[in-house]
Amino acid sequence: MASIVNSSPDAKVEVNDNDLSKSDIVTKYRTAAGIADAALQKVISEVKTGASVKALCMLADEFILAETSKIYNKKENGRKIEKGIAFPTCISINEICDYYSPLDDGVNVADGDMVKITLGCHVDGYVGVASHTVVNSAEITGRAADVLTAAWTCCEAALREIKVGNNSHNVTKVVEKVASEFNCTPLLGYASHEIKRHVIEGSRYFTSSTRLEEKTDAFTFGVNEAYAVNILVSTGEGKPKATEHKTTLYRMEVQNRYTLKTTLGRAFISQVNARFPAFPFHINAFEDERVLKVGLPEAVRHKLVTPYLVETEKGGELVAHFMFVVLLLAGGTKKICGLPFTQKDICKPEHSVQDEGLKKLLSSPVNPKAKKSSKPSKAEGDATESA
């Protein structure tokens, strides 16, 4: 879930259906996360000069559908378990920030490109969503190395600040501070959201910048909460701008109600409601072009669906993106989705963290050892091992 700050309400969440003290719910989160990470690895293995961006997106989406078709095929309490794509795969190159999933084959990976992959999987509405950045090069130097290392280090710092009892503004401040150590800037307009069952962008969120336009209400992290931590860092000013790239991803706004005037509009929104009531969708899922051509703009106009606009930094700048999921369990913070820094050994940044406070934070364990207490439950115990 690369993220839109305006979020859908938690309308589909029922009482206790996101209770992370229940091992079966944690297992579903972990299963979705495992498939998402495997999809990322599959795409990364195919990122090479000449690779089609569209084909790479399709590769990941098809993999997620194939893997989820193999699991949870028995009914649970008399109901079918839904599973599949929670966020259609996007592959955004260089200065493009996120949400790029083209309809055509015209864009290919070139030598030296910074390639950002975002995707998501769900099992019974429990989400594993992640982003990862790789550079199509045998060695990464200069500003590419700076921004890539900055974004990853921001994630490492955020992971250590997201824990029960901490304030969300602490995370924002530390991410911004880490980015500045590499002479880089967090992107405006992108946020990290609480996630719940069927909710990929919950009402509680925090940003990566303290700039005035990014001011948000602070909150305290609580036990048995889940978050998609979304970090985008730029070599430039961090102010994305609109582009002419076609928007292909949308999300239904379940809280908005309006009866569309045209027959095709009503047909479109009926399909969205039936097929994509909770998670974002790609317009290539609609076979009837007339329904899409008439219904989509009408639905957008009346705010029944929200577009994920493709934005970019200034030409020549670079954007790096990592996203991962954490569960805040009674036993500590557990990162369950998101890959390791796969290109660390070939990345040679010019800048590094010099601030002693940040060095201390980054060298600390995600979950410091606590004094011995009573034996935790299985779900709680899963958190004691850091990511």
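Looking at F279, is it under 19 Å from the mean Cα position of the chain (by Cα) and part of a loop (DSSP other than H, G, I, E, B)? Against the criterion (under 19 Å from the mean Cα position of the chain (by Cα) and part of a loop (DSSP other than H, G, I, E, B)), F279 qualifies. For region 278-300, name all the residues that are under 22 Å from Y100 (Cα atoms) and either of a type in the set (K, R) or touching a residue at least 60 places away in the same chain (Cβ under 8 Å) (or both). A278, F279, P280, F281, H282, I283, N284, K293, listed by residue number.
Applying the set (1) part of a helix (DSSP H, G or I); (2) surrounded by fewer than 23 Cβ atoms within 10 Å (Cβ to Cβ) to A179 leaves exactly one unmet item: (2). Yes or no: A299 within 30 Å of A38 (Cα to Cα) and surrounded by 13 or more Cβ atoms within 10 Å (Cβ to Cβ)? It is false that A299 is within 30 Å of A38 (Cα to Cα) and surrounded by 13 or more Cβ atoms within 10 Å (Cβ to Cβ). A274 meets the conditions (1) assigned to a loop (DSSP other than H, G, I, E, B); (2) without any contact (Cβ under 8 Å) to a residue 24 or more places away in the chain in every case but one. The failed one is (1).
Which residues, counting only those in region 181-209, are among the β-branched types (V, I, T) and closer than 17 Å to I162 by Cα? I'd like the intermediate steps shown before the answer.
As a first pass, look at region 181-209 and keep what is among the β-branched types (V, I, T): 185, 195, 199-200, 207.
Matches in region 181-209: I195, T207.
Do the conditions hold for E237, that is, is it under 30 Å from V291 (Cα atoms) and either of a type in the set (D, E) or in a strand (DSSP E or B) (or both)? Considered against the rule, which asks whether it is under 30 Å from V291 (Cα atoms) and either of a type in the set (D, E) or in a strand (DSSP E or B) (or both), E237 comes out as no.
In the set (1) outside any strand (DSSP E or B); (2) surrounded by 20 or more Cβ atoms within 10 Å (Cβ to Cβ), V164 fails one condition alone, (2). Taken as a whole, region 70-81 holds no residue that is within 21 Å of the chain's Cα centre (by Cα) and either closer than 24 Å to P340 by Cα or hydroxyl-bearing (S, T, Y) (or both).
Taking region 50-94, which residues are surrounded by fewer than 21 Cβ atoms within 10 Å (Cβ to Cβ) and more than 30 Å from D17 (Cβ to Cβ)? Within region 50-94, G50, A51, S52, K54, A55, M58, L59, I93, N94 meet the criteria.
Would you check which residues across region 118-134 are β-branched (V, I, T) and either surrounded by fewer than 24 Cβ atoms within 10 Å (Cβ to Cβ) or in contact with a Phe, Trp or Tyr (Cβ under 7 Å, 6 or more places away or on another chain) (or both) and list them?
As a first pass, look at region 118-134 and keep what is β-branched (V, I, T): 118, 123, 127, 129, 133-134.
Passing the criteria: T118, V123, V129, T133, V134.
Please work out if S203 is in a loop (DSSP other than H, G, I, E, B), touching a residue at least 60 places away in the same chain (Cβ under 8 Å), touching a Ser or Thr at 6+ places or on another chain (Cβ under 8 Å) and of a type in the set (S, T, Y). When the stated conditions are applied, S203 passes them. The number of residues in region 104-149 that are within 21 Å of G84 (Cα to Cα) and in a loop (DSSP other than H, G, I, E, B) comes to 2. Residues in region 316-361 that are within 19 Å of V174 (Cα to Cα), exposed (fewer than 13 other Cβ atoms within 10 Å of the Cβ) and either in contact (Cβ under 8 Å) with a residue 24 or more places away in the chain or within 24 Å of the chain's Cα centre (by Cα) (or both): S352, Q354. Looking at E139, E156, just one residue is in the same structural domain as S52 (by TED's automatic domain parsing), at pLDDT 95 or above and over 18 Å from the mean Cα position of the chain (by Cα), and that residue is E139.
Looking only at region 161-172, residues that are touching a residue at least 12 places away in the same chain (Cβ under 8 Å) and either over 20 Å from the mean Cα position of the chain (by Cα) or more than 30 Å from G142 (Cβ to Cβ) (or both) come to 8 in all.
The values are calculated or read from the model by the stated rules, or taken from the named source; none is laboratory data. Model, not experiment: these values are computed from the prediction. Cβ coordinates were reconstructed from backbone atoms using ideal geometry, including for glycine residues, and neighbour counts include every protein chain displayed.
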